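> Here it is, the structure in full.
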Amino acid sequence: MDKVDCIVIGAGVVGLATARALALGGREVLTVERHAAIGMETSSRNSEVIHAGLYYPTGSMKARLCVRGRDALYTYCEERGIPYRRCGKLIVATSEGQLAKLRQIQEQAFANGCSEVVPLSAQEACELEPELSCVGALLSPNTGIIDSHAYMLALQGDAENAGALFAFDSRVSAARLEADGIVVSVRTSDGSEMEIATSLLVNCAGLWAPHVAGLIKGLDQSQTPRAWFAKGNYYSLAGKAPFSRLVYPVPEPGGLGVHLTLDLGGQARFGPDVEWLDTPDGELDYRVDPQRADRFYEEIRSYWPKLPDAALQPAYSGVRPKISGPGEAAADFMFSSHGSPHYLGLYGIESPGLTAALAIGEHAAGLAGKTG
């Protein structure tokens, strides 16, 4: 039987950052990815925003790892020449009743260490973005955008340069916990199957992390959270947007509202919305329904009244790997060994997972040093 020190499941941005951190720490690492390439699920189906860390509960893993990861990410982009822009973001109140919520967000931002966030009057916000309509806003200058694929390629390169190996078109079909490690069954695209023994299994399978945990015979499943799937649809703007910053409405339950983001070429995108899915049986359906755009217009026009008719076209969708369901408070990032010294599961790594990935990888590697 083949043996390897560490197996990381999943080559999304979090799996890549974790494999990198483990390999740089001197561990022998094999990353198993069911797709043919890196980052083909959540990591490539998001807004590509570098979040500042404003909203998350003080002291939570999301808050701490987002702020730490944000600072590390900007430095990493500079060092590696990864395309990014620290464009800033406006969080806008479109009614007097939302101003109190803006103040709460600013207080939360300060508590999280984001003291650079400043309140703006309606006039000050419109001086920055003349097409904007609001009664007040917050300016977050440390919010940015990034080329996420270039970022993931850099993480993969670092991991490989430190000796990590990657097995694509390979998926975990079963596993069993033993006294000295975990034996993992890996099935390749040609249908062949092999068993690999490892002293440490790190589950970074994102959307499928709870499912993967459930495959491990002998693991305490009482600590495996339920997976919830929240689809977010994005629509692109026909023509050039008259904005240079991101624009976010006051957050809504389940997400941050239908916000305006920009890519590095200046193309505007709107979304995501929140569409709760039944637990999928097989592959996810990422198709975007053109008719869902109809409900976007009213919300967008609350802060951009001049949005032209028929200006939105389907772009893409993503699915958030949630571990809290409709009507529940948003769950924090979850790291669990399930009581085993040979396992670490990462669950509910949704936004701000892209921003926080470097910090998540370091944190996971640190926890792994205390286990396998």
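All of the numbers you see were taken from the coordinates with simple rules; none came from a lab. What you see is a predicted model; the values in this text were computed from it and never measured. Note that each Cβ is placed from the backbone with ideal geometry, even for glycine, and that neighbours are counted across all protein chains shown.
> I need the calculated FRET efficiency for the pair residue 86 and residue 37, taking r as the beta carbon distance and R₀ as 25 Å, to the nearest 0.05.
For R0 = 25 Å, the calculated efficiency reads 0.30.
> Cut-off 10 angstrom, C-alpha nodes, Gaussian network model of the chain. Which of 78, 275, 283 fluctuates the most?
Result for the chain, Cα springs under 10 Å: 283 fluctuates most.
> I need to check one value: relative contact order of the stretch 1-57, counting alpha carbon pairs closer than 8 Å and at least 6 residues apart, in percent.
Reported relative contact order: 36 percent.
> Something else: Under 30 Å Cα to Cα from residue 3, which lysines show up? Leave out anything in the same chain fewer than 8 places away.
By straight Cα distance, residue 3 reaches 217, 370.
> Calculated from DSSP H runs of 4 or more alone, at -39500 (n - 2.57) each and per residue, what is the 222 nm mean residue ellipticity of the chain, nearest 500?
Calculated from helices alone, the mean residue ellipticity at 222 nm is -8000 deg cm²/dmol.
> Hey, with R₀ at 35 Å, roughly what FRET efficiency would residue 60 and residue 306 work out to, going by the Cβ-Cβ distance, to 0.05?
Calculated value: 0.40.
> Let me ask you something else. Pulled fully out, how much extra length does the chain show between residue 5 and residue 277, if you take 0.36 nm times their separation in residues and subtract their Cα-Cα distance?
94.2 nm
> Applying the Karplus parametrisation 6.51 cos²θ - 1.76 cosθ + 1.60 with θ = phi - 60° to the phi angles of the stretch 30-37, what ³J(HN,Hα) value in whole Hz is obtained for each residue in order, glycine and proline being reported as x?
With coefficients 6.51, -1.76 and 1.60, one gets 10, 9, 9, 10, 6, 8, 7, 7 Hz.
> Over the Cα atoms of the chain, compute the convex hull volume and normalise it per residue, giving Å³.
134
> While we're here: What lysines sit close enough to residue 89 to cross-link, taking a C-alpha to C-alpha distance under 27 Å and skipping anything fewer than 8 places away on the same chain?
Straight-line reach from residue 89, under 27 Å: 62, 101, 231, 240, 306, 322.
> So what J values fall out for the stretch 60-72 if you push phi through Karplus, 6.51 cos²θ - 1.76 cosθ + 1.60 with θ = phi - 60°, rounded to Hz, Gly and Pro as x?
Per residue, the Karplus-derived 3J(HN,Hα) values read 6, 4, 4, 5, 5, 6, 5, 5, 5, x, 4, 5, 5 Hz.
> Arrange the peptides 286-293, 320-327, 137-144, 14-21 so that the one whose residues have, on average, the most other Cβ atoms within 10 Å appears first.
The packing order, highest mean first, is 14-21, 137-144, 320-327, 286-293.
> Another question, if that's okay. Enumerate the amide H contacts of residue 120 below 5 Å, restricted to partners 5 or more residues apart or on another chain; note that Pro and chain-start residues carry no placed amide H.
Under 5 Å from the amide H of residue 120 lie the amide H atoms of 137, 138, 139, each far enough along the sequence or on another chain.
> Moving on. How much length is gained if the chain between residue 287 and residue 123 is pulled fully straight, taking 0.36 nm per residue apart and subtracting their Cα-Cα distance, in nm to one decimal?
Using 0.36 nm per residue and subtracting the Cα-Cα distance, I get 55.1 nm.
> Something else now. How many angstrom lie between the C-alpha centres of the stretch 72-92 and the stretch 134-175?
Rounded to whole Å, the Cα centres lie 13 Å apart.
> Next question, about the same structure. So between residue 264 and residue 116, what do we pick up on full extension, going 0.36 nm a residue minus the alpha carbon distance?
51.0 nm
> For residue 175, what residues show an amide H to amide H distance below 5 Å, using hydrogens built from the backbone and excluding near sequence neighbours?
Placed amide hydrogens put 185, 217 under 5 Å from residue 175.
> Simple spin-label model, 7 Å along Cα-to-Cβ: residue 328 to residue 313 in nm?
Between residue 328 and residue 313, the simple spin-label model gives 3.9 nm.
> What list of ³J(HN,Hα) values in whole Hz, one per residue of the stretch 87-97 in order, does the Karplus curve 6.51 cos²θ - 1.76 cosθ + 1.60 (θ = phi - 60°) give from phi, with Gly and Pro shown as x?
7, x, 9, 10, 9, 10, 9, 10, 8, 4, x
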